[in-house]
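Structure in structure tokens, see below.
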Amino acid sequence: MGEARLGILGGMGPQATQDFYQRILDMTDAVRDQEHVPTLIWSDTQIPDRTAAILGGGEKAEACYQRLLAGAQLLERAGCTVLAIPCNTSHYFADRLQGELKTLRLVHMVRETAAVMAQSGCRRVGVLATDGTVRTGVYQRECETLGLTCVPLPEEAQKLVMSIIYDEIKRGETGSREKFALIDRCLRRDLGCDGAILGCTELSVYRSYHGLPEYYLDAMDVLARRSITACGYPLRMV
């Protein structure tokens, strides 16, 4: 068709997908409909839970991957040229997925976020993410390649992160400020991190509700910006 078209493979979760598209709209330098990025959204809420699938391994992981691949290929057949997946944990499969797509270019959320963090000057980094993302080292590998040290959260702090993601945001709640304050204190005081990555889109939704300081780099923001520019559209200057 000749025109750039963004495909969003979402539903992981649905609230995060909605939040992501709003950021695409907000970050595009547009004053009329025709100046926004043409976009198709496939919110596939039936994709198996990524953390459970990856940690379960075997058939569970393969079933999750095949569902992701089917969604990406659906968007490819519909004429999308750029693919954004607003789910950090799913990027465990990202390179394999890109290898099976013919014309659709995947914007690698994790890799792009690690690059932005490296450019920020931070060197000791915390990653707030699901157990699946943490245990598979998705962020650790990308960060360490760029000279960053990823500091693992202690078990109790990681449980708080998972509770905010699964017990609160995925259930339609806004997330506990008290729990996040404990995580923040752990990152800054106990671990000595000079920055942290919001490496789960449910935590990006938490930030939309509550706001967070620049100490936290939001991977969803990075993905939104990179998706817009990959489609050849200008970013709105803040």
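The values are calculated or read from the model by the stated rules, or taken from the named source; none is laboratory data. Just so we're clear, the structure is a prediction, and the values are computed from it rather than from any experiment. Cβ placement follows ideal geometry from the backbone for every residue including glycine, while neighbour counts extend to all protein chains displayed.
Residue 212: assigned to a loop (DSSP other than H, G, I, E, B), buried (at least 20 other Cβ atoms within 10 Å of the Cβ) and either out of contact with any Asp or Glu (no Cβ under 7 Å at 6 or more places or on another chain) or at pLDDT below 95 (or both), yes or no? Break it down into steps so the answer makes sense when it comes.
Details: assigned to a loop (DSSP other than H, G, I, E, B): yes; buried (at least 20 other Cβ atoms within 10 Å of the Cβ): no; either out of contact with any Asp or Glu (no Cβ under 7 Å at 6 or more places or on another chain) or at pLDDT below 95 (or both): yes.
Here the answer is no, as residue 212 does not meet what is asked.
A further question on this structure: Within the range 104-135, track down each residue that is touching a Ser or Thr at 6+ places or on another chain (Cβ under 7 Å) and not aliphatic (A, V, I, L, M).
Matches in the range 104-135: 105, 123, 124, 130, 131, 132, 133.
If you go through the range 5-15, how many residues are surrounded by 16 or more Cβ atoms within 10 Å (Cβ to Cβ) and either free of Cβ contacts under 8 Å to residues at least 60 places away in the same chain or touching a strand residue (DSSP E or B) at 6+ places or on another chain (Cβ under 7 Å) (or both)?
7
If I ask for residues that are touching a helix residue (DSSP H, G or I) at 6+ places or on another chain (Cβ under 9 Å), within 20 Å of residue 232 (Cβ to Cβ) and of a type in the set (Gly, Ala, Ser), which ones from the range 74-114 would you list?
Within the range 74-114, 84 is the sole residue that qualifies.
Out of 156, 173, 142, which single residue is touching a Lys or Arg at 6+ places or on another chain (Cβ under 9 Å) and at pLDDT 95 or above?
It is 142.
Another question, if that's okay. Do any helices (runs of 4 or more DSSP H) entirely within the range 38-139 hold 1 or more residues that are within 19 Å of residue 162 (Cβ to Cβ), touching a residue at least 40 places away in the same chain (Cβ under 8 Å) and not acidic (Asp, Glu), and if so, which?
50-56, 109-119, 131-135
Could you pull out the residue among 113, 136 that is touching a Phe, Trp or Tyr at 6+ places or on another chain (Cβ under 6 Å) and farther than 18 Å from residue 183 by Cβ? Talk me through it step by step, then tell me what you get.
Values: 113 fails: touching a Phe, Trp or Tyr at 6+ places or on another chain (Cβ under 6 Å).
Being touching a Phe, Trp or Tyr at 6+ places or on another chain (Cβ under 6 Å) and farther than 18 Å from residue 183 by Cβ holds for just one of 113, 136, which is 136.
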